[in-house]
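Peer 1: Can you keep this structure in mind? I'll have questions shortly.
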Amino acid sequence: MTVLRELVRSDAPAIRRVFAGEAVTYLGRPAMTGPEAEEYVARAIAWSAADPAEQFALGAESDCELIGVVRLRLVTPQHGRVGYIFREGSWNRGHATRAVRELVAFAFATLDLTSLGGRHHPGNPASGRVLTKAGFTRTGVVNGMTEYERLRGGEAGVPVGPVPCARK
């Protein structure tokens, strides 16, 4: 089961593992350093605490292990953009699709958005399959990226909460 939750400072080492290896191939950046991971988590915490929040970066957890991050940036009061990255050892198991579906439900039911966008590098068709399985429709190519759109339609609310697993 894949669960979305807010990031906490102790997630920095796991975030560094997510932003490493093949997972960063299409991001146009090298693997994340330790200090970069700590800064990323600090920004995610600040984004969630902002009033009003304009961006969310949520941890995707499976079996009490952080395996990815999904992001939602509010472009307008009614439209947002989703993004996601998962540690390569978690690929092809449905985690990204489940996490993006939960993010979609959160965006539409909890934030009351009416549409979402997403995109991926054309060399990464697996990312496009995640978006399609989450109900997005391919709309074309813009600036070399394959673009998708998803409209609101009957999603149940998904609470995004604190860390659900006991920490050692």
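Peer 1: For the chain, go through all pairs of different Cα atoms, get the mean of 1/r, take its inverse, and jot down that Kirkwood value in Å.
Peer 2: Radius from the Kirkwood sum: 16.1 Å.
Peer 1: Give me, ordered by chain and number, the residues 5 or more places off Thr139 or on other chains with an amide H under 5 Å from its own placed amide H.
Peer 2: Glu147, Tyr148, Glu149
Peer 1: Right, something else. Return the sequence-ordered ³J(HN,Hα) values of region 42-56 in whole Hz as given by the Karplus equation 6.51 cos²θ - 1.76 cosθ + 1.60 applied to θ = phi - 60°, using x for Gly and Pro.
Peer 2: For region 42-56, the Karplus-derived couplings read 4, 5, 4, 5, 5, 4, 5, 7, 5, 10, x, 6, 10, 8, 10 Hz, x marking Gly and Pro.
Peer 1: Which one of Val100, Val24, Val70 has the biggest mean-square fluctuation once the chain is modelled by GNM with Cα springs under 10 Å?
Peer 2: Largest GNM mean-square fluctuation: Val24.
Peer 1: Quick one: which residues, 5 or more positions from Leu7 or on another chain, have an amide H under 5 Å from its amide H? H modelled 1.01 Å from N in the peptide plane, none for Pro or chain starts.
Peer 2: Gly59
Peer 1: Tally the DSSP beta bridges in region 1-137 and give the antiparallel ones as a percent, rounded to 5.
Peer 2: 85 percent
Peer 1: I'd like the Karplus ³J(HN,Hα) series for region 22-39: coefficients 6.51, -1.76, 1.60, θ = phi - 60°, whole numbers in Hz, and an x wherever there's a Gly or Pro.
Peer 2: 5, 4, 9, 3, 9, 8, x, 8, x, 4, 6, 8, x, x, 5, 5, 5, 5
Peer 1: Run the dipole for region 64-141 about the Cα centre, Lys and Arg Cβ at +1, Asp and Glu Cβ at -1, nothing else charged, and hand back the magnitude in debye, nearest 20.
Peer 2: 200 debye
Peer 1: Could you tally the net charge around Glu149, taking each other residue with its Cβ under 13 Å from the Cβ of Glu149, Lys/Arg +1 and Asp/Glu -1?
Peer 2: Charge balance near Glu149 sits at +4.
Peer 1: Keeping every protein chain present and rolling a 1.4 Å probe, give me the accessible area per residue for region 1-45 in Å².
Peer 2: That works out to 54 Å² for each residue.
Peer 1: Something else: Which one, Leu27, Ser10, Val141, projects farthest toward the positive side of the charge dipole computed for the chain from Cβ point charges (K/R +1, D/E -1)?
Peer 2: Towards the positive end, the residue furthest out is Val141.
Peer 1: Protein chains only, probe 1.4 Å: how do Arg16, Arg87, Arg43 rank by accessible area, largest first?
Peer 2: Arg16, Arg43, Arg87
Peer 1: Each residue of region 65-79 in turn: what ³J(HN,Hα) in whole Hz from Karplus with 6.51, -1.76, 1.60 and θ = phi - 60°, glycine and Pro shown as x?
Peer 2: 10, 6, 10, x, 9, 10, 10, 9, 10, 7, 8, 9, x, 10, 10
The values are calculated or read from the model by the stated rules, or taken from the named source; none is laboratory data. As the structure is a prediction and not an experimental result, all values here were calculated from the model. No Cβ is skipped: glycine too gets one built from the backbone with ideal geometry, and neighbour counts run over all protein chains shown. All accessible areas refer to the heavy atoms of the entire protein, side chains included, with ligands and DNA or RNA removed. Shrake-Rupley method; radii C 1.70, N 1.55, O 1.52, S 1.80 Å.
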